[in-house]
Structure formats: C-alpha cells, structure tokens
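Every read-out reported here was derived from the displayed coordinates using simple, explicitly stated rules and does not represent laboratory data. Quantities reported herein were computed from a predicted structural model and do not represent experimental measurements. Note that we place each Cβ from the backbone using ideal geometry, even for glycine, and neighbour counts take in every protein chain shown.
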Amino acid sequence: MSSSSTRHSPRRESRPRTTGAYRLVRTPPGSVDPPLLDAGQRAVVDHPGGPLLVLAGPGTGKTTTLVESVAARVNRGGDPARILVLTFSRKAAVELRDRMAARLGAARGPQATTFHSYCYALVRAHQDADLFADPLRLLSGPEQDVTVRELLAGQLDLEKEGLAQVRWPDELRACLTTRGFADEVRAVLARSRELGLGPDALADFA
C-alpha cells in the first residue's frame, strides 16, 4: 500500500493598502512639575529685572535655573516672543528648547539658539545688498578646513614670488600643506575668537 500526502502552502492574509504619504505623529510631552530650587536658584528666578551675573560650576543646576527663570517671567505675563535665550552649542540650544517646551508648552516656549546663529541672523538681516551679490552664509566645518589648507598652501607660492608678508619658521614650512597642521591652525583661530584676541595680540604671542 502506498500513501500520499498533500502539502498546503500557508495563505497570506491580505492587508488593506494605505494611500497617501506616511505621517509621523509625535506624542506631546506631558506636563512637568516645577523643580525644587535651592536658595541661590530661587534668588535668580525671583530677580525682578536688569543685568544679573550668575557664576556656577558644572552640574550645579544652571540650565534648570535658566528654564525656571524663563517660566517665571512668562507666567508673570511676559511675552515669550520678547525673551531670547542664548547658549554656546547647538546641543545645549536643543536641550533648552525641549525643556522650556516641556515646562511651558511648545506654543509658549521662547527662542533659544546659539550666539553664532543669532549673530549670523543679525548680519543676514542687515547686510548691504549692494556690497554682496549673494546672500551671506556660514561655512561648514569641512569648508573651513579646505579654506585654511588653501591659504596655507598659497603661502608657499607667495614666498617663492617674494610677496609673502609673513614667513613661517623653517621647521614649520614643511607642515603647511598637511591636514594635521591645518587643523591646529583652525583650532588656534577658533580659540582666539573665543578669547577676543586680534592679529596684534597673536603676534605678541609669536
């Protein structure tokens, strides 16, 4: 006797097709209760107005104090559109925006951005169209690297033509076209801007 078996392949359930583009729905953050502030933080939050210098070390609650200061002013009737929060890094600006939105609601959160972005916006808003054919824009990090390397490489050509106003020490001239040296020069320039050092001040250090 012989037996035979029949295999049945599993049937796939048909799913209704969705039409249109996908839409990302973000769950709105829940309300955040005011944190418990110490005496120093409370003094900052309750400051009535005018300049105030606050000195504090890392991890002491500076961001919390700043967020609560903004919240206190908004809750007292201040216009969020007239409050500007500035910080140094993009990461810190994003954190401030998120925390203020969670504290006040996304619609009531004031503007929080970096010093560089705010100053760039001012330059763009007041730039002279007769002096600049194209709108001013910020150079990205890679573009800054390329520009510095091109300037350093051009220094050698200027020296050959006798047009160089600055002569690099002999032990550094071989490094002018290397990427590592360009990175160090860019880092020095960035640090000089942070400290407010101009060309004359840098020349004194040379």
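Quick one: helix 115-126 against the long Cα principal axis of the chain, what's the angle to the nearest 10°, folded into 0 to 90?
On a 0 to 90 degree scale, this one is about 80.
With n ≥ 4 as the cut-off for DSSP H runs, can you work out [θ] at 222 nm for the chain, using -39500 (n - 2.57) per run divided by the number of residues, rounded to the nearest 500? Display every interim value, and only then the final one.
On the way: 8 runs with 96 residues, N = 206.
Result for the chain: -14500 deg cm²/dmol, rounded to the nearest 500.
Using alpha carbons only, how many degrees (0 to 90, rounded to 10) separate the axis of helix 141-160 from the longest principal axis of the chain?
Taking Cα atoms only, the helix is inclined about 20 degrees.
I need the shape label for the stretch 61-133. Rule: rounded when a/c is under 1.5, else prolate if a/b > b/c, else oblate, with a, b, c from the alpha carbon gyration tensor.
prolate
Could you give the nm distance between label points at Ser192 and Cys175, where each point is 7 Å from its Cα heading toward the beta carbon?
It works out to 1.6 nm between the two label points.
Helix 90-104 versus the longest principal axis of the chain: what is the Cα-based angle in degrees, 0 to 90, to the nearest 10?
For helix 90-104, the angle is close to 50 degrees.
Given R₀ = 22 Å, what would the calculated FRET efficiency be for Ala164 paired with Ala201, taking r from the Cβ atoms and rounding to 0.05?
0.55
Assuming R0 = 25 Å, what is the FRET efficiency of Tyr22 and Ala107, from their Cβ-Cβ distance, to the nearest 0.05? Show your work: numbers first, answer last.
Numbers: r = 25 Å, r/R0 = 1.01.
E between Tyr22 and Ala107, to the nearest 0.05, is 0.50.
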